[in-house]
Amino acid sequence: MAADEALMAAPEVPVLRLYRWDQPTASFGYFEKFTEVRRARPSPPLVRRWTGGGIVDHGADWTYSLIIPAQHPFAGIPVSESYRRIHTAIAAFLQSQGHAAVLSTVVFPTGDGCFQRPVVADLLIDGRKIAGGAQRRTRRGLLHQGSIQNIDTAHWTAKEFARPFSRDVTLRELSKSEAAEADRLTETRYATDSWLTRF
C-alpha cells in the first residue's frame, strides 16, 4: 500500500506495479469501519487501503496497481469508464491465456467481501468473480488497485500481463527514493494503529 502511494507522489509515466503477499492478509477500503472488518476477518493481518471498496482476501492472488499521471488523458476519464477499460484489457490477457473472462453487467447480492459481490465491469468466469479493483484520484493522478483470484497465475509473467495495457513496456523495480518513501509511509501510516482503526 505504501509503495503505491509513493509511486503516486510524482508520476511521470503510467506505471503498472505487480506484487505478491508473503502471508494471507485482508485489505479493506479507506472508508470501511475497522470493527466491522475485524469481526468479518478475525484472524488474518489487516491493512487499510488508500483506495475505496470492501474486504479483499489476499494470499495466492495476482495483485497489481496502475498509476496514471494527472497529465495523461486516461486520468481524466470518468471512474466507471476507466474501470471498464482496465478490466477490458485484463479480459484480453485472460482470454489469451485460455480463460473465458467476461465483464459483469449487473450488481450481485451483497456479501462480506469484494469477491462475493461483483459489480458492473468486474471480471467473471462462469459467473464467478475473478477480478475486481478500487480507485483513488488526486491532483497527481489516478491510482487503480486490483486483484485477480480463483485462477492459476503461477506461470504468468509481468511483461505478458502488461502487454494489453501498452506495447511499450519497460520492466523496473522501485527506485531508491521510491523505496525510501514507501518505508517512511509504512512507518508513519500503513503500519500504525491510528491508520488501521481510523474509522
Next item on the list: Spot the failing condition for Pro73; the list is (1) over 21 Å from Ile151 (Cα atoms); (2) buried (at least 17 other Cβ atoms within 10 Å of the Cβ), and only one is missed.
Entry: (2)
Margin query: Looking only at residues that are in a helix (DSSP H, G or I) and among the acidic types (Asp, Glu) in the range 1-40, which one is surrounded by the fewest Cβ atoms within 10 Å (Cβ to Cβ)?
Written below: Glu36
Check: What is the number of the single condition among (1) open to solvent by less than 10 Å² (accessible area, probe 1.4 Å); (2) over 30 Å from Arg39 (Cα atoms) that Ser65 does not meet?
Finding: (2)
Next item on the list: Might you let me know whether the range 149-165 holds any residue that is of a type in the set (Ser, Thr, Tyr) and either in contact with a Lys or Arg (Cβ under 8 Å, 6 or more places away or on another chain) or open to solvent by 70 Å² or more (accessible area, probe 1.4 Å) (or both)?
Entry: no
Margin query: Condition check: of a type outside the set (Gly, Ala, Ser), in a strand (DSSP E or B) and either open to solvent by less than 10 Å² (accessible area, probe 1.4 Å) or at pLDDT below 90 (or both). Does Ile130 satisfy that?
Written below: yes
Next item on the list: Within the range 87-98, identify whether any single residue is in a loop (DSSP other than H, G, I, E, B) and either in contact with a Cys (Cβ under 7 Å, 6 or more places away or on another chain) or touching a residue at least 12 places away in the same chain (Cβ under 8 Å) (or both), and answer yes or no.
Entry: yes
Next item on the list: Please work out which one of (1) out of contact with any Phe, Trp or Tyr (no Cβ under 7 Å at 6 or more places or on another chain); (2) of a type outside the set (Phe, Trp, Tyr); (3) modelled with pLDDT of 95 or more is the condition Val37 fails and give its number.
Entry: (1)
Notebook entry, point to check: Hey, does the range 144-160 have a residue that's in contact with a helix residue (DSSP H, G or I) (Cβ under 6 Å, 6 or more places away or on another chain), hydrophobic (A, V, I, L, M, F, W, C) and modelled with pLDDT of 90 or more?
Noted result: no
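Looking for whichever is among the aromatic types (Phe, Trp, Tyr), closer than 30 Å to His155 by Cβ and in contact with a Pro (Cβ under 7 Å, 6 or more places away or on another chain) here; the options are Phe93, Phe115. Which one fits?
Exactly one of Phe93, Phe115 is among the aromatic types (Phe, Trp, Tyr), closer than 30 Å to His155 by Cβ and in contact with a Pro (Cβ under 7 Å, 6 or more places away or on another chain), namely Phe93.
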Next item on the list: Would you check if Ala60 is outside any loop (DSSP other than H, G, I, E, B) and either open to solvent by 10 Å² or more (accessible area, probe 1.4 Å) or under 18 Å from Ile130 (Cβ atoms) (or both)?
Entry: no
Note to self: Looking for something open to solvent by 20 Å² or more (accessible area, probe 1.4 Å), closer than 17 Å to Leu185 by Cα, of a type in the set (Gly, Ala, Ser) and part of a loop (DSSP other than H, G, I, E, B) - is there at least one such residue anywhere in the range 41-57?
What the structure shows: no
Note to self: Checking the structure you have, find out if any residue of the range 168-191 is touching a strand residue (DSSP E or B) at 6+ places or on another chain (Cβ under 9 Å), at pLDDT 95 or above, on the phi < 0 side of the Ramachandran plot and of a type in the set (Phe, Trp, Tyr).
What the structure shows: yes
Check: Just one of the numbered conditions (1) under 18 Å from the mean Cα position of the chain (by Cα); (2) assigned to a loop (DSSP other than H, G, I, E, B) is not true of Leu171; which one?
Finding: (1)
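The values are calculated or read from the model by the stated rules, or taken from the named source; none is laboratory data. These numbers come from a predicted model, not from an experiment. Virtual Cβ from ideal backbone geometry, glycine too; neighbours counted across all protein chains shown. SASA here: full protein model, heavy atoms, side chains in, ligands and nucleic acids out. Shrake-Rupley method; radii C 1.70, N 1.55, O 1.52, S 1.80 Å.
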